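Presented below is the structure to which this report refers.
The values are calculated or read from the model by the stated rules, or taken from the named source; none is laboratory data. No experiment lies behind these values; they were computed from the predicted model shown. Reconstructed Cβ throughout: ideal geometry from the backbone, glycine too, with neighbour counts over all protein chains shown. Keep in mind that these areas ignore ligands, DNA and RNA; they rest on the heavy atoms of the full protein, side chains included. Shrake-Rupley method; radii C 1.70, N 1.55, O 1.52, S 1.80 Å.
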Amino acid sequence: MSLSQERRTGIYLVIASALMWSTAGLFVRMADMDVWSMVAWRSAFSFVTLGAFLIVQRGVGRRSRLGSYGMPGVTASAVSAFAAITYIASLQWTTVATVMTVYATLPFIATGIAFLWLRDRVTYRFVAAGSAAFVGVAISVRAAVSARDVLGILCAFAMTAGCATQIVIARRFPDMDTTMMTAFAALACLCIALPLMHFRILTPQQFLACALYGVFTTGIGYILLLLGSRRVGSGEAGLLSMLDVVLGPVWVWLFYDEQISLPVLVGGAVVLLAVLWYLASDRNTAVVAG
């Protein structure tokens, strides 16, 4: 496969993963369940999907590289489980558009954590774009109309910080098995949610929504991103992944008529433009600190 074909394949895979991830809010609305039941069922399906992928990837008789997991993997799994739980909670308690607006700040939070922990260099462009993004979030937060909305926004921030931390851990420990980490995170979510969930028979719609969320959105979406990100640059992958932020509110608007208020629309546009401007730039100029 030529270099151009390899890159083109990577772009298609990352776009496909973003399309799948964008359906999370849709399936949460479709299931219409309490938070812990949704976490448990989604995590069960995710664990089975990722576990099957690991078996196929490594081969049943092949020696597993457990050494590539270790304490970094345990830490990353814990952080990933925290992010997954707060993500579902945020989607339950506020609008998908608001959650996606907060989540769009992920590149800035990840870069900030990497600066503090790994002493990565930060550019003037990052400071300007990050400041604009958080102004956009502040505009969106003004749309909060209840204590439940505020709680959802706080969970969205917690989820985004968790995802950002997970990215930095993976960068700090590049040999860590990220697929195993994500599978164990799903297992941890299941173990945490089981004592707290409501045990009742699911309706066919609820079962389908949880299965699609676990297998389609989380499982296959992650696998496609893993395969695609190896073929394109990290900045390009981040740029393409922003489709998730754009499409997430669209699905719930089309299927559930979930309206996007003007403050959220304006704030989301500001955040998205700031992210696109930042990711499309050369990050190696105008260094502020290192």
Legend entry - Surface per residue (accessible, 1.4 Å probe) for the chain, Å²: 48 Å²
Inset, instruction - Could you list the square roots of 5 times each eigenvalue of the Cα gyration tensor of the chain, that is, the equivalent ellipsoid semi-axes, sorted largest first and rounded to whole Å? - result: 27, 26, 18
Legend entry - In sequence order, calculated HN-Hα J values of region 262-277 (Karplus, 6.51, -1.76, 1.60; Hz; x Gly/Pro): 4, x, 5, 4, 5, x, x, 5, 4, 4, 4, 5, 5, 5, 4, 5
Legend entry - the chain: calculated mean residue ellipticity at 222 nm from DSSP helix runs of at least 4, using -39500 (n - 2.57): -24000 deg cm²/dmol
Legend entry - Size of charge dipole - the chain - debye, nearest 20, with Cβ of Lys, Arg +1 and Asp, Glu -1, no other charges: 740 debye
Legend entry - Interchain or long-range residues, amide H under 5 Å from V122's placed H: V288, A289
Inset, instruction - Enumerate the amide H contacts of D177 below 5 Å, restricted to partners 5 or more residues apart or on another chain; note that Pro and chain-start residues carry no placed amide H. - result: Y69
Legend entry - Theoretical FRET efficiency, 1/(1+(r/R0)^6), r = Cβ-Cβ of A170 and F199, R0 45 Å, to 0.05: 0.80
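Given a Förster distance of 25 Å, report the FRET efficiency between R148 and A269 from their Cβ-Cβ distance, rounded to the nearest 0.05.
Given R0 = 25 Å and the Cβ-Cβ separation, E is 0.55.
So, with a 1.4 angstrom probe, what is the percent of accessible area on the chain that is carbon and sulfur?
Within the chain, the accessible surface is 70 percent carbon and sulfur.
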Legend entry - HN-Hα J in Hz across region 220-231 - Karplus 6.51, -1.76, 1.60, θ = phi - 60°, x for Gly and Pro: 5, x, 5, 4, 5, 5, 4, 6, x, 5, 6, 10
